[in-house]
Amino acid sequence: MRKWMWALLLIIPVIELFGFILMSDWIGAGKTLLLMILTSLIGIAMLQFEGRKVLMDAKQEMERGKVPGRKMVDGLFVFVGGFLLLIPGFVTDLIGFTLVFPLTRPVYRLFFLGWLEKKMRNGSITFYRRPK
């Protein structure tokens, strides 16, 4: 796991720099900087709106006596997406927008829950239930 983290810390800035250079050649450096600032501002606004919506939905489920499992996963995705939107770059912005946007979030949820189920089956992740 640590090897992947180090690889990502090295690869992501290189990809973002390449994207910045490519976009600067295409539309100009000034417009590219403005576009990056604009995407960050739009991302922050989406993060606030979607974050509040996920929190309200989770609260409603808890008031009904249900465990807000999927809403908690959505909240995690909104948080990670918001973090990615704050990082300057086009690739992280694209991934961040798809994590925050409610229509694309179920795709991530499907893969994440499949990964989580696989980890639980092989014993890498264990959940303990509290006795009632």
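The condition (being more than 27 Å from Thr32 (Cα to Cα), among the small types (Gly, Ala, Ser) and not in a helix (DSSP H, G or I)) is satisfied by just one residue among Gly51, Gly114, Gly65: Gly65. Would it be correct to say that Ala45 is free of Cβ contacts under 8 Å to residues at least 24 places away in the same chain, in contact with a helix residue (DSSP H, G or I) (Cβ under 8 Å, 6 or more places away or on another chain) and in a helix (DSSP H, G or I)? Against the criterion (free of Cβ contacts under 8 Å to residues at least 24 places away in the same chain, in contact with a helix residue (DSSP H, G or I) (Cβ under 8 Å, 6 or more places away or on another chain) and in a helix (DSSP H, G or I)), Ala45 does not qualify. In a helix (DSSP H, G or I) and either touching a strand residue (DSSP E or B) at 6+ places or on another chain (Cβ under 7 Å) or closer than 29 Å to Arg129 by Cβ (or both), is that true of Asp74? Considered against the rule, which asks whether it is in a helix (DSSP H, G or I) and either touching a strand residue (DSSP E or B) at 6+ places or on another chain (Cβ under 7 Å) or closer than 29 Å to Arg129 by Cβ (or both), Asp74 comes out as yes.
For the condition in a loop (DSSP other than H, G, I, E, B), in contact with a helix residue (DSSP H, G or I) (Cβ under 8 Å, 6 or more places away or on another chain), within 22 Å of Leu8 (Cα to Cα) and in contact (Cβ under 8 Å) with a residue 40 or more places away in the chain, what is the one hit in Pro88, Pro102? Every option except Pro88 fails the conditions. Within region 35-91, being open to solvent by 40 Å² or more (accessible area, probe 1.4 Å), farther than 19 Å from Phe111 by Cβ and β-branched (Val, Ile, Thr) holds for Ile37, Ile42, Ile44, Val67, Ile87. Does Phe101 satisfy being surrounded by 17 or more Cβ atoms within 10 Å (Cβ to Cβ), out of contact with any Cys (no Cβ under 9 Å at 6 or more places or on another chain) and under 30 Å from Ser24 (Cα atoms)? Spelling it out, it is not the case that Phe101 is surrounded by 17 or more Cβ atoms within 10 Å (Cβ to Cβ), out of contact with any Cys (no Cβ under 9 Å at 6 or more places or on another chain) and under 30 Å from Ser24 (Cα atoms). Taken as a whole, the structure leaves Asp25 outside the set of residues that are part of a helix (DSSP H, G or I) and open to solvent by less than 60 Å² (accessible area, probe 1.4 Å).
The values are calculated or read from the model by the stated rules, or taken from the named source; none is laboratory data. Bear in mind that the values here come from a model prediction, so they are computed numbers and not experimental data. Cβ coordinates were reconstructed from backbone atoms using ideal geometry, including for glycine residues, and neighbour counts include every protein chain displayed. Quick note on the areas: whole protein, heavy atoms, side chains included, nothing else; ligands and nucleic acids left out. Shrake-Rupley method; radii C 1.70, N 1.55, O 1.52, S 1.80 Å.
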